[in-house]
């Protein structure tokens, strides 16, 4: 894969968003969040989304200017109407607000209805975790569906991802980061495999008749197939149950969702920040985190397999390498960036020389 300087990619994305009508401060944050996704290796939810975001700005489905409307608020909880403003900007704003309030009250949360798409959930974690806090981000899209209820064959909910992060046990340790959908795979990865002409290495979907399949084309038939819930055919009832929990914490707490039959592309979001200093204390939290880190790393691996690692450890390693050596973009992404840059009269950054 061709590598690019992270700052150059961030600058390009911000310039393209500004050219598309997004306010400069918003454009800078959206660009940072998308590039952060690629830094961590989540390349279906990084700059791969930039063309769709620009199209949303052009069509009016994404609003590039303005502020969210505060619908309800207490010292520890707020509910916003995101008004289809850029999702990465809204979630960054919500995370910073919740972080500041959690430092005083121990925890704080923001529920947001009518975000635009929010990108890679893990991309929001390092900023808050660096403050010694725990962050959770929950997301659903009430305007579409791709996962059937357990035992069903027609789409009801989206993959409904959850991300959570907290500090590692030692100074300088990688943060623990979880970013997992409540379905086995995502819409984006299914579309990519279909475009590449490749199948999944396992049954990740159900066809329209409810039969498990590894063929991504089953998702695009009429009637359509569905994504299997997390747990697959053996334990998908658990994944679907977790997906319903995400629905409750996003659309349910935001007070608007699927019942209103919204249109367009977007998200309902729940952001929660917890400050260990206001509970059992930072030292105690880090001691427990350090014990678990040591226990995981000392655990004997399966014969012939890699050593056990904590969630997010590989993503943090990728991020560290990419910051030093450049971001390795998926081959499908640079041509899309170049096309958008050319149309806007903005120079495409040169790739780094190996």
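No value in this document is a laboratory result; all are computed from the given coordinates. No experiment lies behind these values; they were computed from the predicted model shown. Ideal geometry is used to build each Cβ from the backbone, glycine not excepted, and the neighbour counts take in all protein chains shown.
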Highest-fluctuation residue, 28, 277, 14 considered, GNM on the chain with Cα pairs under 10 Å: 277
Residues 96, 179, sorted so that the one with the fewest Cβ neighbours within 10 Å comes first: 96, 179
Whole-number percent relative contact order across segment 114-206, with pairs defined as alpha carbons under 8 Å at least 6 apart: 24 percent
Equivalent ellipsoid semi-axes - Cα gyration tensor, the chain, angstrom: 28, 26, 25
Mean Cβ count within 10 Å, highest first, over the residues of peptides 115-122, 341-348: 115-122, 341-348
Contact order normalised by residue count of the chain, Cα under 8 Å, 6+ apart, percent: 24 percent
Approximate spin-label separation residue 220-residue 2, in nm, with each point projected 7 Å along Cα-to-Cβ: 2.4 nm
Which of 79, 250 has the fewest Cβ neighbours within 10 Å, and the rest in rising order: 79, 250
Förster-model FRET efficiency, 56 Å R0, residue 202 and residue 278, C-beta, rounded to 0.05: 0.85
Spin-label model distance (nm) - residue 256 vs residue 104, 7 Å beyond Cα toward Cβ: 2.8 nm
Length added when fully stretched, residue 330-residue 302, from 0.36 nm per residue minus Cα-Cα: 7.0 nm
Förster radius 56 Å - calculated FRET efficiency between residue 209 and residue 292, Cβ distance, rounded to 0.05: 0.80
Estimated [θ] at 222 nm from DSSP helical runs (n ≥ 4, -39500 (n - 2.57)) normalised by residues in the chain, nearest 500: -12000 deg cm²/dmol
